[in-house]
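Notes for the one structure printed next.
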Amino acid sequence: QDASRARARLCRALVQRPGAYFFAVGDDWQSINRFAGADVSVMTGFREWMGHGQVLKLEQTFRCPQALCDISSRFVSRNPAQIAKAVRSAAPAIGPVLQAFQMTRREEVQDGVRQYLAALHQQLLSGAVPRGRNGRVTVFVMGRYRNERSALPADWKAAFGSTMDVEFLTAHRSKGREADYVILPGMVNRGFPSLRADDPVLSLAMPEGDTFPLGEERRLFYVALTRARRSVAMFTLQGKRSPFLDELVENGVVEVT
């Protein structure tokens, strides 16, 4: 899903030799590296690029509960250019799969995240929520950019380290990773989705990308949601809600507390 047009041309040239075969694996829903030259059309138009080929869909997931699969799949599939898939899961649901919390000021977000972790810590201690594989659960505090690291409470290890491992990473860095709980502290307008324009010089060497509004950001949000084995908690600010969060609210899949 992250191939550039140059790499696609190279692969196409390799399989034009007699007796050469090409096997590709990818998920167009997770194509998020356009900044590095990736072109999602290599996946969505695979047969047009490579010629005849058999396509097998891997639609079983072993990570997210079904409710989170349904929410995230519906969200990313708003873009008609994405390949239609019906993602199935046998993972059990543990608590609410999606939550959203609204603060009045940006300075309150870290305290909100700390309160969320404290409540989870008490549930783990009491046994109301089962522990993870090594006796602790894993938590990602995930930012659209690295500056959201400030949402991670500095004392998390001393306060909650007996029941959880907490790590900050960006949504791009989270690809290929998973955690029991995901916290998105920056669900604000112009934050996630990012509205930063590409440098016009870079655009000379880049593919045009898909034409659906915020298509790449929509796929990045899908990646963020689907890192969670149990639940995603989103934090926003009064009067500055992310349009992605507004869309989830309009779809009736989450309420903002």
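General remarks:
- Table column - 3J(HN,Hα) (Hz), segment 26-37, Karplus curve with 6.51, -1.76, 1.60, x for Gly and Pro: x, 10, 4, 5, 10, 7, 10, 10, 4, 4, 9, x
- Accessible carbon and sulfur surface of the chain relative to its total accessible area, %, 1.4 Å: 52 percent
- Gained length - Phe62 relative to Ser194, 0.36 nm times residue gap less alpha-carbon distance: 44.6 nm
- Helical contribution to [θ] at 222 nm, DSSP H n ≥ 4, -39,500 (n - 2.57), averaged over the chain, rounded to 500: -8000 deg cm²/dmol
- Highest-first packing order for the peptide set 92-98, 126-132 is 92-98, 126-132, based on the mean count of other beta carbon atoms within 10 Å.
- Calculated semi-axes √(5λ) of the Cα gyration tensor in Å (choose from (i) 35, 21, 17; (ii) 39, 27, 18; (iii) 39, 23, 19), label: (i)
- In degrees, nearest ten, helix 215-225 long axis to first principal axis of the chain (Cα): 50 degrees
- With Cα atoms, 0 to 90° folded angle of helix 66-76 axis to the chain main axis: 50 degrees
- Built amide H within the under 5 Å cut-off of Arg241, gap 5+: Asn189
- In this structure, the amide hydrogen of Thr236, modeled 1.01 Å from its nitrogen in the peptide plane, lies closer than 5 angstrom to those of Phe101, Gln102, Met103, counting only residues at least 5 positions away or on a different chain.
- Each residue of segment 19-24 is assigned a 3J(HN,Hα), and the resulting list reads x, 9, 10, 10, 10, 10 Hz, derived from the Karplus form 6.51 cos²θ - 1.76 cosθ + 1.60 (θ = phi - 60°), x at Gly and Pro.
- With Cα atoms, 0 to 90° folded angle of helix 5-14 axis to the chain main axis: 50 degrees
- With loop membership from DSSP and a limit of 13 other Cβ atoms within 10 Å, the longest segment of the chain without GluC sites (Glu not before Pro) is 60-207.
- Neighbour count of at most 16 Cβ within 10 Å plus DSSP loop: longest chymotrypsin sites (Phe, Trp or Tyr not before Pro)-free window in the chain: 146-257
- Using heavy atoms of the protein chains and a probe of 1.4 Å, the accessible area assigned to Lys240 is about 110 Å².
- Probe 1.4 Å, accessible area per residue of the chain, Å²: 54 Å²
- Heavy-atom accessible area, probed at 1.4 angstrom with all protein chains present, ranks Cys64, Cys11 as Cys11, Cys64, highest first.
- Antiparallel bridge percentage (DSSP; both residues within the chain; nearest 5): 5 percent
The values are calculated or read from the model by the stated rules, or taken from the named source; none is laboratory data. Here the structure is a predicted model, which means the values were calculated and not measured. No Cβ is skipped: glycine too gets one built from the backbone with ideal geometry, and neighbour counts run over all protein chains shown. Remember, those area values only see protein heavy atoms, side chains included, never the ligands or the DNA or RNA. Shrake-Rupley method; radii C 1.70, N 1.55, O 1.52, S 1.80 Å.
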